[in-house]
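Trainee: Provided herewith is a single structure, encoded as structure tokens, for subsequent inquiry.
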Amino acid sequence: MFTATIFVSSLFMSSGTDLLQSPAPEACALVTLEEAGKATGRTFRRARPDKGPDGTMCSLIGGTGGSISISLSPSSSKKNLDDFRKLLADQGEKIEPVNGLGDEAFYWGDRIHVRVGTRLLVIFNGDSSQPSARVRSEILALAKLGAAKLK
């Protein structure tokens, strides 16, 4: 797991040829609080934005079921995502493809990774008290909303 965590930071890097896509929106602009509430059946009180060196993040906070984190990198290549997926598989992590979402998508535990062009959207629900099926349906619904705005 430690290696996978370190590799995540390089996942958000890309070669100069991948940067031709228009600038990505901020992560908090991908899903409104109202959209998140409708998609999950929960109430979120606020969205807390954050900027990192390799993209933006947004925490949807409030209500029951804990917070949901949305990360967006504007410059992640297909190769980086393929390398990351291989690293996870080599470490015995279970990767489950998600068809029909973005250019490619997969679940890794309680997160979903979605590549749209050179942009990488990652949605994570850290509430371990929720059943896995519910967590996955929530992050999938949010990923569909976010990916549609990245096209």
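The values are calculated or read from the model by the stated rules, or taken from the named source; none is laboratory data. Treat the numbers as computed from the prediction; the structure is a model and nothing was measured. Glycine also receives a Cβ, built like all others from the backbone with ideal geometry; neighbour counts cover every protein chain displayed.
Trainee: For residue 89, state whether it is within 13 Å of the chain's Cα centre (by Cα), of a type in the set (Gly, Ala, Ser) and assigned to a helix (DSSP H, G or I).
Mentor: Numbers: within 13 Å of the chain's Cα centre (by Cα): no; of a type in the set (Gly, Ala, Ser): yes; assigned to a helix (DSSP H, G or I): yes.
Considered against the rule, which asks whether it is within 13 Å of the chain's Cα centre (by Cα), of a type in the set (Gly, Ala, Ser) and assigned to a helix (DSSP H, G or I), residue 89 comes out as no.
Trainee: Which of the residues spanning the range 45-77 are at pLDDT 90 or above and not in a strand (DSSP E or B)?
Mentor: 45
Trainee: Separate question: Checking the condition in a helix (DSSP H, G or I), of a type in the set (Gly, Ala, Ser) and farther than 20 Å from residue 59 by Cα, which residue from 143, 105, 147, 133 passes?
Mentor: On the way: 143 fails: farther than 20 Å from residue 59 by Cα; 105 fails: in a helix (DSSP H, G or I); 147 fails: farther than 20 Å from residue 59 by Cα.
Just a single option satisfies the conditions, and that option is 133.
Trainee: How many of the residues in the range 108-130 are surrounded by fewer than 20 Cβ atoms within 10 Å (Cβ to Cβ), under 15 Å from residue 60 (Cβ atoms) and free of Cβ contacts under 8 Å to residues at least 40 places away in the same chain?
Mentor: So the answer is 2.
Trainee: Looking at 138, 104, which is the one that is closer than 18 Å to residue 27 by Cα, of a type in the set (Asp, Glu) and more than 10 Å from the chain's Cα centre (by Cα)? Break it down stepwise before answering.
Mentor: On the way: 104 fails: closer than 18 Å to residue 27 by Cα.
Selected residue: 138, the only one of 138, 104 that is closer than 18 Å to residue 27 by Cα, of a type in the set (Asp, Glu) and more than 10 Å from the chain's Cα centre (by Cα).
Yes or no, residue by residue, for (1) among the small types (Gly, Ala, Ser); (2) touching a helix residue (DSSP H, G or I) at 6+ places or on another chain (Cβ under 9 Å); (3) at pLDDT 95 or above:
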site	(1), (2), (3)
91	no, yes, yes
105	yes, yes, yes
110	no, yes, no
123	no, yes, yes
127	no, yes, no
133	yes, no, no
151	no, no, no
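Trainee: Name the residue, out of 42, 85, that is over 15 Å from residue 137 (Cα atoms) and of a type outside the set (A, V, I, L, M, F, W, C).
Mentor: On the way: 42 fails: over 15 Å from residue 137 (Cα atoms).
Every option except 85 fails the conditions.
Trainee: Among the candidates 140, 101, single out the residue that is surrounded by 17 or more Cβ atoms within 10 Å (Cβ to Cβ), over 20 Å from residue 46 (Cα atoms) and out of contact with any helix residue (DSSP H, G or I) (no Cβ under 8 Å at 6 or more places or on another chain).
Mentor: It is 140.
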